[in-house]
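Nothing in this text is a laboratory measurement; each read-out follows from the coordinates by a stated rule. Owing to the predicted nature of the structure, the values given are computational and were not obtained by experimental measurement. All Cβ positions, glycine included, derive from the backbone under ideal geometry; neighbour counts span all protein chains shown.
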Amino acid sequence: MISLSFRGGINTRVLRLTIWNCDQPAGSELAMETYFRELSDTLCAGLADGEVLLLNYQGETSDFARLNHNRIRQAGHVHHQALELDLVRDGRESGASMPLCGSLDADLAQARTLLDRLRTQLPLLPGDPHLNYATEVHDSIHCGEDRLPEPGAALETLMEAARGLDLVGIWAGGEQSRGFANSLGQRNWHAVDSFNFDWSLHGEGGRAVKSGSAGFAWDPAVFPARLEAAAGELALLENGDEKALVLQNLTDALDALETSGSVPASKSAQ
Amino acid sequence: MQPGSLPGTDRTMKQEWQPVIDAFKTVVPNVDFWSLRLVSEETETLRVRAGVVQPPSLAQSRGVHITLMDRGGCAYAATSALTREGLQAACDQALLWLEPSRRHALFDAQQLPRPQRSGSYTSTVTVPWEASSLTEKLELLQEINRMLQAGDCIVDRQACLSRCDTGALLLSSDGVTIEQTFHHIIPGYAAVANRGSQTQMRSGGGWGSARQGGLEQLEDFGFPDGARQVAEEAIALLEAPECPETRADLLLMPSQMMLQIHESIGHPLELDRILGDERNYAGTSFVSADMFGSYRYGSPLLNVTFDPGVTQEMASYAFDDEGTPAERSFLIRDGILQRPLGGAASQTRGGLPGVANARACSWNRPAIDRMANLNLEPGDSSFDELVGSIEYGVLMDANRSWSIDDSRNKFQFGCELGRLIKDGELRGLVRNPNYRGISATFWRSLAAVGDKRSFEVWGTPSCGKGEPNQMIHVGHASPACVFRNVDIFGGD
């Protein structure tokens, strides 16, 4: 697997997401934005007079690990790419979606099959009085920077910090990408790398403190600090000192408002 | 349609997937055990709202889920990139997770049972989707829309009809091959009536539910024949009195029994919840492992089965998604808790018997413990006898709202339609009927169970659980049931 450099209009980065084209010579690979653009250009070029095509792309390349008792319950990787097609003609609209398998020829063939199906369907439909789609062209491209650690490395630090504690939750991180194209010439692309660690710390008698963090960059110092605070809150719950806990949460919230203007995402539950 | 053949093709599922299988076998690493689950799904949806045909949609999904187990570790990778390179990359990613999963495993994957038996399953379809043309289906939905327009106070109305065809193929390194083909039909209609500040909605025709099979299932759902009645009930509810706040008997129709079974029997009996896996998201359970075999869950009339063999029910299958053969089992017998809803992995972890309910919502998720077909077995009371047994109470039909705590114990549920019962006779409509209870004791107030004549097959296509989230279909079949001395209230 080789990642191709992609020079975006706004940011410059190396796209982690890679697509393989088995119908091209070995080693020939297209970055996903380029792939989507080529797919869109080809499909739009094949339209009949009077047809309008709207294309939406969704992609995800991410890792996840579910934790229970501060151990790994399930861990894995998801690579998912899909294309939505909406065909409009004579005030009628019909839509379909399909997975992208990574072979440009195969994906184009499947998209054309679906378009033919939509073409057959459209004359059977009445006019859509609510039909509405954007006709002004606004291009955009955004490719975020990958500032995430290797998933396994992130998990190691989390579980080490929570050693001996009953940590439950999910760590998920990776790239999400979205694309739009239409036969009027508009092209949009948006890709970002982000993580979400949604977790809770559990104690005796069903008591728990819920917390979480998410962002575009991973700071290994954040979780230990939040974990320490959660452990303190859990101790207050287990000691039956809910009043002290409420006061502490109020103080934390006021401090956060003074310093950053936002309240940290943390709540306690029993 | 031949068993195992894909919708719209003459090729079997195995033939369709063979290039991907061949490519996978060239890249799969040398591990103790692997499995490959290949899933292809197509969903077509038609809808007419307020007399306007909505754009039809056709959604296709296709991908593979890889499981690798080696020296006690277990890791997954799922991909829609079905080229050799895509499969190679997926295997590489799963391999990266094997070592952390081995070092920090919640349980030893070496102890997990592996699929042993090959087999196949196909939904029974009598009248296929294609038996009716697109034009005919849209005209049927338009006709329902016209029936739903029962008066000027109907402010919204819609009818929909969907099909979902799924092919799932499971292969393992031990040579097991399981082919399963599912055909689901998802119909429904609803009308919303408004007058002043009062708004009422009624639904029917299978709204919120689904069945395995083809268009032959529509008649059982009252699709389209019940549409006029649904709209007239929505209008009548506008002027109906509020459901009284009282403690009285409750007669739940099968469309609400579905929700009652789902929330206060199904979720609490999921073994992964009991083992704590879901504490951060879906919740925990008031049921603990030591209760199985002795705990009185309900009255002696309560018999609940895990039944994957009801032909038209949504989650009928021959094998779960980890390859465990599915068999009918009692979860609750004569009111006593027997076994949890736990698949092979949870059974091993918990040291408890279970059922074949390790299920994944699609190719891109690993299997977890889910409900499948969870049914309340019929009793021996006719519907008239159920009504006749109630001196004062309320009949409730069609779920409208639900709220239940993290451990699936304390709940309150609302229905679309209520009807008073006095001195053993059905009386007038009441609007906004609700009731509340506690799962641990509610089922002990089960006083009468309807016979086979009131037994109906329901379910929901959208049971949510798991991290990453998984939305999956489950079946619930039940007769009408009577509960004594329940907290009932209205919308005031």
Discussion item. Relative contact order of region B:379-492, please, whole-number percent, based on alpha carbon pairs below 8 angstrom and at least 6 residues apart.
Written reply: 27
Practice prompt. Sort A:Lys210, B:Lys25, B:Lys410 so the one with the fewest other Cβ atoms within 10 Å of its own Cβ comes first.
Written response: B:Lys25, B:Lys410, A:Lys210
Discussion item. Using Cβ contacts closer than 10 Å as the measure, can you line up B:Met396, B:Met253 from fewest to most?
Written reply: B:Met253, B:Met396
Worksheet, complete the sentence: A student applying the Cα gyration tensor rule (rounded when a/c is under 1.5; otherwise prolate if a/b is larger than b/c, oblate if not) would label region A:23-158 prolate
Item to complete: At a Cα cut-off below 13 Å, give the aspartates and glutamates reachable from A:Lys243, other chains included and same-chain residues fewer than 8 away excluded.
Response: A:Glu233
Response to the item:
trypsin sites (Lys or Arg not before Pro) in region B:103-185 lying in a DSSP loop, each with at most 13 other Cβ atoms within 10 Å of its Cβ, come to B:Arg117
Worksheet, complete the sentence: Once normalised by the length of chain B, the mean sequence separation of its alpha carbon contacts under 8 Å that are 6 or more apart gives a contact order in percent of 15
Worksheet entry | Charge-dipole axis of region A:2-239 as Lys and Arg at +1 and Asp and Glu at -1 on Cβ define it, positive-most pick from A:Gln186, A:Gly215, A:Val137 | A:Gly215
Discussion item. Given the options A:Gln74, A:Thr42, A:Ser97, identify the residue whose Cα lies farthest towards the positive end of the charge dipole of region A:2-239 (+1 on Cβ of Lys, Arg; -1 on Cβ of Asp, Glu).
Written reply: A:Gln74
Response to the item:
Along region A:184-199, Karplus-curve 3J(HN,Hα) (6.51, -1.76, 1.60; θ = phi - 60°) to the nearest Hz, with x for Gly and Pro, reads 7, x, 6, 9, 10, 8, 9, 9, 9, 9, 8, 10, 9, 10, 10, 8
Worksheet item: Summing +1 for each Lys or Arg and -1 for each Asp or Glu, what net charge is found among the other residues whose Cβ lies under 13 Å from the Cβ of B:Cys164?
Response: -2
Worksheet item: Tell me, what is the FRET efficiency for B:Thr199 and B:Asp423 to the nearest 0.05, using R0 = 45 angstrom and their Cβ-Cβ distance as r?
Response: 0.90
Response to the item:
Measuring from its Cα centre, region A:48-137 shows a charge dipole (+1 at each Lys and Arg Cβ, -1 at each Asp and Glu Cβ) which, in debye to the nearest 20, is 600
Worksheet item: About its Cα centre, how strong a charge dipole does the protein assembly as shown have in debye, to the nearest 20, once Lys and Arg get +1 and Asp and Glu get -1 at the Cβ?
Response: 760
Worksheet entry | Integer Hz, Karplus 6.51/-1.76/1.60 couplings in order for region B:46-52, x for Gly and Pro | 10, 8, 10, 10, 6, x, 10
Worksheet entry | Whole-number D in µm²/s for region A:2-239 (Stokes-Einstein; Kirkwood sum over Cα pairs; 37 °C, 0.692 mPa s) | 158
Discussion item. Let me check I've understood the local charge: for A:Pro123, count other residues with C-beta under 9 angstrom from its C-beta, Lys and Arg +1, Asp and Glu -1. What total comes out?
Written reply: +2
Practice prompt. Determine the sum of side-chain charges near B:Gln142: Lys and Arg each +1, Asp and Glu each -1, restricted to other residues whose C-beta is under 12 angstrom from that of B:Gln142.
Written response: +2
Worksheet item: Which value in deg cm²/dmol, rounded to the nearest 500, describes the helix-derived mean residue ellipticity at 222 nm for the protein assembly as shown, given -39,500 (n - 2.57) per DSSP H run of n ≥ 4 and division by the residue count?
Response: -7000 deg cm²/dmol
Item to complete: Can you spot the lysines whose alpha carbon is less than 24 Å from B:Lys465's alpha carbon? Ignore those fewer than 8 places along the same chain.
Response: A:Lys210, A:Lys267, B:Lys410
Worksheet item: On the first, second and third principal axes, largest extent first, how far apart are the outermost C-alpha atoms of chain B in Å?
Response: 71, 56, 38
Practice prompt. State, as an integer percentage, the relative contact order of region A:2-239 based on alpha-carbon contacts under 8 Å between residues 6 or more apart.
Written response: 20
Worksheet entry | Mean shadow area of region B:300-397 over all directions, Cα convex hull, nm² | 8.5
Fill in: region B:191-250-region B:287-334 distance, computed between alpha-carbon centres (Å)
30
Response to the item:
To the nearest 20 debye, chain B has a Cα-centred charge dipole, built from +1 on Lys and Arg Cβ and -1 on Asp and Glu Cβ, of 760
Worksheet item: If R0 is 30 Å, what FRET efficiency do you get for A:Asp41 and A:Glu145 from their C-beta distance, rounded to 0.05?
Response: 0.65
